[in-house]
1. At A:Gln68 and A:Ala50, where each label point lies 7 Å from the Cα along Cα→Cβ, what is the point-to-point distance in nanometres?
2. Take A:Cys16, A:Cys35 and order them by how many other Cβ atoms sit within 10 Å, fewest up front.
3. Spelling out what I want: for every residue of region B:35-51, take phi, set θ = phi - 60°, compute 6.51 cos²θ - 1.76 cosθ + 1.60 (Karplus), and round to whole Hz; glycine and proline get x.
4. How about chain A: what cysteines have no other cysteine beta carbon under 4.7 Å from their own?
5. Using only Cα positions of chain A, each an equal point scatterer, no hydration layer, compute I(q)/I(0) via Debye at q = 0.08, 0.17 Å⁻¹ and quote the log10 values to two decimals.
6. What are the ³J(HN,Hα) values, in whole Hz, obtained from phi via the Karplus relation 6.51 cos²θ - 1.76 cosθ + 1.60 with θ = phi - 60°, for each residue of region A:202-211 in sequence order, with x given for Gly and Pro?
7. Most exposed first by the Cβ proxy, i.e. fewest other Cβ within 10 Å, how do A:Ile61, A:Ile221 rank?
8. Given points 7 Å out from each Cα along the Cα-Cβ axis, report the B:Lys130 to B:Arg85 separation in nanometres with one decimal.
Amino acid sequence: MNCLEFRRQLSIDPQCGEVDFVHHARECARCAEACERANGFESSLRQALAIAPPPQLAESILLAQATQQQRQRQQYRRGGMLALAAAIVLAFGIGMRVEARPLSTQAVEHLREEAEVLTSTKLVSPGEVQQAFAKRGLALHSIPDGISFVGCCPMERHLTVHMVMPGGNGPVTVIYVVDDHERAREDFQRDGWHGRSIPMGQGTLVLLAQDASQFDHVESIWRAALQG
Amino acid sequence: MRRKFPDGVPVISPVSSKQRQFDALVRSLSGDLFRYGYWLCGDEALAHDLVQETFLRAWRALDSLRETGAAKAWLITILRREHARLYERKLPQFTDVDEIDVVDERDAHLPEFAGEENVIRNAMRKLDAKYRDPLLMQVLGGFSCEEIASELKITPAAVMTQLFRARQKLKTMLDGGDVRGAQIHELS
């Protein structure tokens, strides 16, 4: 590394720890001086940027989180009571047939609530996938590769395994609804998402993505995994 | 936290490990997030809201965080997205950075306007966002050039150029020069 390269690197990243950079600072007195000046500037910059956060910032965040959770729990509880009341009315009135919202609507809403998981790129281990299905009482015939998120999520009244598979044309969300077996497969579009629901095994596999071209491939992978 | 039943048998409190992880994240990183948020939006109250919303979203997606070392970068990414969403919803009424004077001679004697820190802060506010963003990500976020490039969707070479120019422009402003006409020298 020569002086010109050193000074350029110094302005890009004064904290650079590369061997050439450190070595040059030791060898060249003028560059060592420049490095000292740059570190002084960096220290002043860091100090100037260190705006003091409001007192009790952490506490206010934790309070907001606890309040939100409490509200959700109350909603679930209230929802549970209402569902119970509705079920009783329906049972007496029109029998035990309870109509739920379509899975496609529930899946898109669930995806919107957990949009952050679409950004995960690090792949989860096959063990984690297996564990999530085992938690739902299911054993897979094979464990598909290329899953960047897996979680056992409640989706309204359904139990699901929620996964994300990053693909060349964007991530595909895969939701296996364990306790609902749709009568027929369906391709749908909702709120800008392409979707497909497929009766598979004892449940229903729902796929969601911005681009539907990957659905056939993903469907075949999961058919092999769930049905062998 | 442990409780004891009368017979002395300790029981684990119902606080989940997820909640403990979240508490630790909030306590260790909310200050850093606030500083980054403040320099991103230029408003303390808004930065507070951004940080709070960031952590509430992080709570919902906490299962996807697998490496503790990646937590800060992960949270900053959520915060940046939250900030972008805010602009999608409505443009907040901020003072244009060009309207903020570095130091008004009339106020220079006041303590809040004095000192090197304020001069640097005002220079930072005057710095064009395309230079300020990568510099903040590097200095406050601890991101590498490659990580900044990935976050800003530009090439690592462009990030290096912007970081180089950001520091040169800051130094020029602090030396009392005009940033718009600043000459960028390779060796200074």
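1. 3.0 nm
2. A:Cys16, A:Cys35
3. Couplings: 4, 5, x, 4, 6, 6, 10, x, 9, 5, 5, 5, 4, 4, 5, 4, 5 Hz.
4. A:Cys3, A:Cys16, A:Cys35, A:Cys152, A:Cys153
5. -0.53, -1.15
6. Calculated HN-Hα couplings, in order: 8, x, 9, 9, 10, 10, 9, 6, 6, 10 Hz.
7. Working: A:Ile61 27, A:Ile221 16.
Lowest to highest Cβ neighbour count: A:Ile221, A:Ile61.
8. 2.8 nm
Rule-based calculations on the coordinates, nothing more; no lab input. In this text the structure is predicted, and so the values were computed from the model without any measurement. FYI the Cβ positions are ideal-geometry reconstructions off the backbone, even for glycines, and counts take in every protein chain you see.
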